[in-house]
There are 2 protein chains.
Amino acid sequence: GCGCRSRQDLLLLSPGTPPASSPFGSLWPLPQSLRVSPERFRLAPDQFQIVHGPGSSAGSSCSLLEDAFRRYYEYMFGYSKWQNRDGKKSLCETELSLLQVIITSKDSECDKFPSITSDEAYHLQVSKPTSVLKADKVWGVLRGLETFSQLLYEDDCGSYFVHESVISDFPRFAYRGILLDTSRHFLPLKIIQTNLDAMAFNKFNVLHWHIVDDPSFPYQSTTFPELNAQGAFTPKHVYTPTDVHNIIEYARLRGIRVIPEFDTPGHTQSWRKDILTPCYSGKHPSGSYGPINPILNATYDFMMKLFEEVGNVFPDDYIHLGGDEVDFSCWSSNPDVTEFMKKKGFGFWYSKLESYYVEKILEIVTSLNKKSIIWQEVFDDGAKLQPDTIVEVWKKFLYQLELARVTKQGHQAILAAPWYLDLISYGEDWKSYYGVEPLNFMGSKSQKELVLGGEACLWGEYVDGTNLTPRLWPRASAVGERLWSSKNVTDISDASKRLTQHRCRMLRRGIAAQPLFVGYCTTLEQ
Amino acid sequence: GCGCRSRQDLLLLSPGTPPASSPFGSLWPLPQSLRVSPERFRLAPDQFQIVHGPGSSAGSSCSLLEDAFRRYYEYMFGYSKWQNRDGKKSLCETELSLLQVIITSKDSECDKFPSITSDEAYHLQVSKPTSVLKADKVWGVLRGLETFSQLLYEDDCGSYFVHESVISDFPRFAYRGILLDTSRHFLPLKIIQTNLDAMAFNKFNVLHWHIVDDPSFPYQSTTFPELNAQGAFTPKHVYTPTDVHNIIEYARLRGIRVIPEFDTPGHTQSWRKDILTPCYSGKHPSGSYGPINPILNATYDFMMKLFEEVGNVFPDDYIHLGGDEVDFSCWSSNPDVTEFMKKKGFGFWYSKLESYYVEKILEIVTSLNKKSIIWQEVFDDGAKLQPDTIVEVWKKFLYQLELARVTKQGHQAILAAPWYLDLISYGEDWKSYYGVEPLNFMGSKSQKELVLGGEACLWGEYVDGTNLTPRLWPRASAVGERLWSSKNVTDISDASKRLTQHRCRMLRRGIAAQPLFVGYCTTLEQ
């Protein structure tokens, strides 16, 4: 297909392009700085390579990059008909044959785990015959490869092109998360991996793994195997140490952190009964159990051992400790708890008992050299936080005020409140997610700097492997652009066009992302 | 697994049973009459057969039944581990080895198409060593096989059982439909077939195929190939005559009618421009087009030929003619239409012009020996309907009043209004679908008899192959039971338990039905 007339009316045209097209093509999220020239270069799958460039501190021993090169080559060309050409080399004269990837700092961080301070910036120069992607660290390369792959498009004849461009890019927020809940429904590994892929396509960098909760305890602990034996839905609905390790490594290769949440003292009905509070009905135990029992030394011994294991299994610097929605009625029914409250001088302030508990857990986690994230109630109820504890704001009512209060106290914050994607409604709800400005609250410049980012939460009441992926994507993509791109990227009409194409691309890459509205993708892959 | 202790605490236990269990097991929709004994019979896949029984008017030449026997054998045993036993016959002594299927009337209707008057009643006696399924027609056999397969359950050791039972069953309503919209998004054949499977699992019997609309015209007409060439999203987004034939036959084998909708005069933006009304801006055509042009003879010539083809391609007695949401603004802008209105003495009553048009289309369809279904506006706007025209009530506001008005005029009606499943919301919305009583309107007994049934509509704005199946199931199952089972089957708590198991069964049979709420299926198939 060398001689095919191209559609000159569109500056950037992706495969699957619906009639309306953005001047920024199918880029999602939009880079911070972008110069695109009308000139374009032809590529051919059999004459194109992604390679380590001169002077790079990384080489073929960096399997993270090797893997990424292979993966992005496949994303770019893999779904095309060319694969059927039986190895015949095309006769087409191509103009761009090489993408050189250069890591410019001494330590590429190839074998490290991503962290809240990871440098994801990159610089991409698309020129002929060689394009160059430069970054200080592998994390920037991963983001840059995604961007490069999004610049590629096929014309109507199946020829590949990219436009001459210069892109300098970096994330607006360091924390860009997706919360998945594997307690209310078990999610097979394959589904989690698919969504890690989708996260990478949208430049998300944190999987907040809400791994256990009231309904089930699928995490297989080596220290306390009984937790899982008693708490999993069935012996098949479990994440073994190998499963967890695989998820963490799969995520790492995509520049994604995995932060586990072990939510206490509430949301623990699937835990071992002996560390839960026995509820009373009048003078006798009712047979039911409430939150973690905060008055037992055994509780803290158990938690120390559990978090020691969790801290070892999950390499991230942070553990999410939960702390939301603690129901005080069981505590207040229990005479031993009442006695303990009296002794401690808490009166009838159960929030003080909650704070007492959480402060001890925070100390445990600190002693293990880990940092903590907690849901906003822990802050609201007055617990003394560690200086580096991050407060996650989730309650939708006046969340801007909560951000102001948290940061006023000098705490770092992440925002989830406007992005509860489980709360579905009819219509193009992604636009409301897109319209959120996380820093739109009353506060000083230094307060705003304490907002590390945010996350899209897909709680598990109504989702499992059958519907999770289409329900999350492309709705979460709206959050992805909000957290990556510049504050002034707010044109909803342009975003609609780019996101429609981005969704078709996700579909081609195997993500069953649902449609945004009436229309089609040129590839019939759904 | 002969010697395994069974869970005696549950009368009927299906594979995938969650803790809570209904006395009616996993039956969905609930049969009209059902006697289950505590006694149960063991079955084994390699010692069980579904066969034509003595005196049946159908035999091995009836491929509809042969196909159904094979299919239901697979549903009952196919997902089990036994397939890995490499043909070794089990040594287990089984008690039930035969299901005899007996068609009792002379004409089994094996090679016919189902219709609004099809007899779907059946009688099922589960006894040992032979069970008997009797029905007048193949349609009853199909429903009875589904019920028999729902009686089967596996115990914890993988042994199969059914309880001794006697079931007499028939549908409460003759019309039980699902509307799929292939214009707003194209649906691949595979998706339509999967949903026909799911319809059969829920005893639905009509696929209302809203095949064309404003956004695209995927129907490939042999008479007017240009309709499709101009109106399809792309040349790949089409239903060829073979595709349509395959869908119709796939549906017939499951006792499902396929009623095509060619919605006019509105919703026709994807049609040939020369039969649409040119809209005017002041004194000049604006370049845009409105509804079908009702003042041209060419329009009716075209419609005659189109419906002649459609009537031949689709064997059902009915064609859905649409007639909803006609926008009068374009008609009123057009001077030729205005002139025509004047000549006809319509004044400024555009609803009279609409009625004029629809009445002519109704006459065309009648002349082709087909009957019509129309959306309620056609009735509301006062068109003179044919005596056998069915009115579909879709507007949610005061729909009971509309049912009363339509049936008061002696017209048959089908109800869609409370069952617009595209209008999603957070939570267990199936309960509101389930709670609808279609005959709960002011009217005489003979008026109520005019309500033929109803349908669940999944309009296509926000669904395509990526999310249609989980969004439709098991939410549409609620409508399925409402339309099949007795009026007094309204216990939502019992329905919850049965539907949870029914959903797990759909999953095992390859339908990606979404979860109803927190929980799991024992088979990890999602």
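The values are calculated or read from the model by the stated rules, or taken from the named source; none is laboratory data. Everything quoted here is computed from the prediction, not taken from an experiment. Glycine gets a Cβ as well: all are built from the backbone with ideal geometry, and neighbour counts include every protein chain shown.
Listed values, structure above:
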read-out: Residue, surrounded by the most Cβ atoms within 10 Å (Cβ to Cβ), within the range A:172-190, restricted to residues that are of a type outside the set (F, W, Y) and away from chain B (no Cβ under 14 Å); value: A:G177
read-out: Residue check for A:S332: within 29 Å of the chain's Cα centre (by Cα) and in the same structural domain as A:Q412 (by the TED database); value: no
read-out: Residue within the range B:485-500 that is away from chain A (no Cβ under 14 Å), out of contact with any Asp or Glu (no Cβ under 8 Å at 6 or more places or on another chain) and under 25 Å from B:Y318 (Cβ atoms) present; value: yes
read-out: Flag for A:A68 being more than 23 Å from the chain's Cα centre (by Cα) and at pLDDT 95 or above; value: no
read-out: Unmet requirement for A:N440, which otherwise passes all of (1) more than 17 Å from A:L179 (Cα to Cα); (2) out of contact with any helix residue (DSSP H, G or I) (no Cβ under 7 Å at 6 or more places or on another chain); (3) in contact (Cβ under 8 Å) with a residue 40 or more places away in the chain; value: (2)
read-out: Conditions (1) surrounded by 21 or more Cβ atoms within 10 Å (Cβ to Cβ); (2) under 24 Å from A:Y462 (Cα atoms); (3) more than 10 Å from chain A (Cβ to nearest Cβ); number of the one not met by B:S432; value: (1)
read-out: From A:S115, A:S159, residue being of a type in the set (G, A, S) and either crowded, with 18+ Cβ neighbours inside 10 Å or more than 21 Å from A:V479 (Cα to Cα) (or both); value: A:S159
read-out: Subset of the range A:191-226 [of a type in the set (V, I, T), part of a loop (DSSP other than H, G, I, E, B) and away from chain B (no Cβ under 14 Å)]; value: A:I211, A:T222, A:T223
read-out: B:W349, sole failed condition from (1) farther than 20 Å from B:A456 by Cβ; (2) in contact (Cβ under 8 Å) with a residue 12 or more places away in the chain; (3) hydrophobic (A, V, I, L, M, F, W, C); value: (2)
read-out: Residues satisfying the stated conditions in the range A:327-338, i.e. in a loop (DSSP other than H, G, I, E, B) and under 15 Å from A:G282 (Cα atoms); value: A:N334
read-out: Condition met for B:L439 (part of a loop (DSSP other than H, G, I, E, B) and surrounded by 16 or more Cβ atoms within 10 Å (Cβ to Cβ)); value: yes
read-out: Matching option when the condition is of a type in the set (D, E, K, R), out of contact with any Pro (no Cβ under 9 Å at 6 or more places or on another chain) and within 30 Å of B:V518 (Cβ to Cβ), among B:E377, B:E363, B:E359, B:E428; value: B:E428
read-out: Some residue of the range B:124-147 being within 14 Å of chain A (Cβ to nearest Cβ), polar (S, T, N, Q) and out of contact with any Gly (no Cβ under 6 Å at 6 or more places or on another chain); value: no
read-out: Candidates A:K343, A:K352, A:K305 - the one that is under 23 Å from A:G282 (Cα atoms) and surrounded by fewer than 18 Cβ atoms within 10 Å (Cβ to Cβ); value: A:K343
read-out: Failed condition for B:T522, given (1) modelled with pLDDT under 95; (2) closer than 28 Å to B:P188 by Cβ; (3) at the interface with another protein chain (Cβ under 8 Å from one of its Cβ atoms); value: (2)
read-out: Failed item, numbered, when A:F517 is tested on (1) part of a loop (DSSP other than H, G, I, E, B); (2) crowded, with 23+ Cβ neighbours inside 10 Å; value: (2)
read-out: Boolean, A:V358 is more than 30 Å from B:Y420 (Cα to Cα), in the same structural domain as A:V206 (by the TED database) and in contact (Cβ under 8 Å) with a residue 60 or more places away in the chain; value: yes
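Residues are listed down the side, and each one gets a yes or a no for (1) more than 14 Å from chain A (Cβ to nearest Cβ); (2) surrounded by 16 or more Cβ atoms within 10 Å (Cβ to Cβ); (3) not in a helix (DSSP H, G or I):
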position: B:H237; (1), (2), (3): no, yes, yes
position: B:D243; (1), (2), (3): no, yes, no
position: B:N246; (1), (2), (3): yes, no, no
position: B:Y250; (1), (2), (3): yes, yes, no
position: B:G255; (1), (2), (3): yes, yes, yes
position: B:P260; (1), (2), (3): yes, yes, yes
position: B:T268; (1), (2), (3): yes, yes, yes
position: B:W271; (1), (2), (3): yes, yes, yes
position: B:C279; (1), (2), (3): yes, yes, yes
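One line per residue, one yes/no per condition, for (1) assigned to a strand (DSSP E or B); (2) within 14 Å of chain B (Cβ to nearest Cβ); (3) surrounded by fewer than 23 Cβ atoms within 10 Å (Cβ to Cβ):
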{"site": "A:Q447", "(1), (2), (3)": "no, no, yes"}
{"site": "A:L452", "(1), (2), (3)": "yes, no, yes"}
{"site": "A:E461", "(1), (2), (3)": "no, yes, yes"}
{"site": "A:P470", "(1), (2), (3)": "no, yes, no"}
{"site": "A:V479", "(1), (2), (3)": "no, no, no"}
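Matching residues to (1) among the hydrophobic types (A, V, I, L, M, F, W, C); (2) in contact with a Phe, Trp or Tyr (Cβ under 6 Å, 6 or more places away or on another chain):
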position	(1), (2)
A:F314	yes, no
A:F328	yes, yes
A:F346	yes, no
A:Y350	no, yes
A:Y356	no, no
A:S367	no, no
A:K395	no, no
A:L403	yes, yes
